[in-house]
Each structure stands twice: as structure tokens, then as C-alpha cells.
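So the structure is just underneath, and the comments pick up after that.
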Amino acid sequence: MTSCSGADPSAEATKDSTMTPQQAHRNVNDVFDTIKGVVGEDGWDDDFESSWDSCPAPSGTSQFSLYAARRLPLSDSPDAVTKRVAAALEASGYDDVRVQHDTTLQPPRTVIGYPNGYNGGTAHDGFGIQFQSGTDYAATIISGHCIPGEPPKLGTPLNPSPTDVP
């Protein structure tokens with residue numbers, strides 16, 4: 001799981017004062033769309049969660065995050081799929097996306113942790129992408145940029161209530 005901490009766990013998250021809540025929300029969804037474009041569009045709805053939360057530090061910042069898992073056959077080996085996800089993220093402007101392996105998971109998984117490597121934490125503004133694939137499995141956690149202000153009000157289009165989501 002990623003959080004609003006950088007590679008140095010004692011470093012505070014910074015807020016991206018240039019990003020609006022709409023842009024932060026769209027940024028996370030764009031990353032997810034890039035991943036789905038490689039892995040496949042179907043199967044993500046069964047294990048999907050997104051939410052706005054306050055960033056732990058500094059106060060007065062919020063962050064949109066998304067978790068999704070897909071338990072369907074992959075179009076290729078986990079290594080090949082994860083390498084294509086990394087290439088698609090790089091084509092979208094994310095530099096030096098590293099593909100790694102986590103052999104502590106069973107079955108072992110091919111993983112991406114951006115920007116600081118797998119389980120390396122997020123950027124100083126809270127942004128991070130984790131992706132993993134294994135046999136008949138893919139999952140992602142996308143932590144958006146911490147932005148100024150409180151999370152959008154629950155029940156609004158940017159932060160629907162759980163009962164509002166189909």
C-alpha cells in the first residue's frame with residue numbers, strides 16, 4: 001500500500017498547488033485507463049475501490065486514490081504484460097518505470113512501483129503507482145497527488161457515496 005510519504009519516510013508530502021481536485025481525479029483515472037488499455041477493460045469492477053481522503057501531512061491537503069484487481073487470464077505472461085504496462089506509462093510521461101519481481105508473494109508476481117520502485121513509497125506530493133501481475137491476476141493501487149483543500153464533499157460527482165456508484 002502506498003501513502004503520502006516519499007522515499008524518505010520522514011519527509012512530509014507536499015501539495016501540488018497547481019492541480020485542482022478535478023485534475024487530480026482525472027490524473028488517477030488516466031493512469032488506470034492506461035493500465036486497463038494494456039491488461040484489458042473487463043473484470044476490474046468486481047474488486048474496485050476509490051476514495052478521497054485527507055493526506056496525513058501537511059494538513060489541509062487531500063488525495064484521490066484508487067485500488068482495483070482483476071482476476072481473469074492475462075493476454076500474455078505476467079512479465080510481458082507488466083513490461084507493456086511500464087512502456088505505456090512511460091509513453092504517458094512517467095519516466096523510468098521499473099519492472100521488478102516479488103518472490104515473497106505466492107504465486108510470485110511481476111511488479112511496478114513508481115516513482116521509487118516496488119514498495120519504495122510515493123513521491124513527495126503523495127503520487128504513486130503500484131501494479132502487479134501474476135497468473136490470472138492483475139492489481140493496481142494509484143495514489144493521487146496531494147492537493148490543497150479538503151476532500152470533495154461525499155455525494156458529489158467527484159466523491160460519490162457508495163450507494164451512488166452502480
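The values are calculated or read from the model by the stated rules, or taken from the named source; none is laboratory data. Please read these numbers as outputs of a predicted model, since none were measured by experiment. Cβ atoms come from the backbone with ideal geometry, glycine included; neighbour counts cover every protein chain shown. Areas reflect the complete protein model, heavy atoms only, side chains present, ligands, DNA and RNA absent. Shrake-Rupley method; radii C 1.70, N 1.55, O 1.52, S 1.80 Å.
State, as an integer percentage, the relative contact order of the range 31-166 based on alpha-carbon contacts under 8 Å between residues 6 or more apart.
Relative CO of the range 31-166 lands at 26 percent.
So who's got an amide H within less than 5 Å of the one on Ser62, skipping anything under 5 residues away but keeping other chains? H placed 1.01 Å off N, in plane. Under 5 Å from the amide H of Ser62 lie the amide H atoms of Cys55, Ile147, Gly149, each far enough along the sequence or on another chain. Using Cβ point charges alone (K and R +1, D and E -1), the dipole size of the chain about the Cα centre works out to roughly 80 debye. Computing Rg and the Kirkwood Rh from the Cα coordinates of the chain gives a ratio, Rg/Rh, of 0.97.
Note that the chain presents 50 Å² accessible area per residue, ligands and nucleic acids not counted, probe 1.4 Å.
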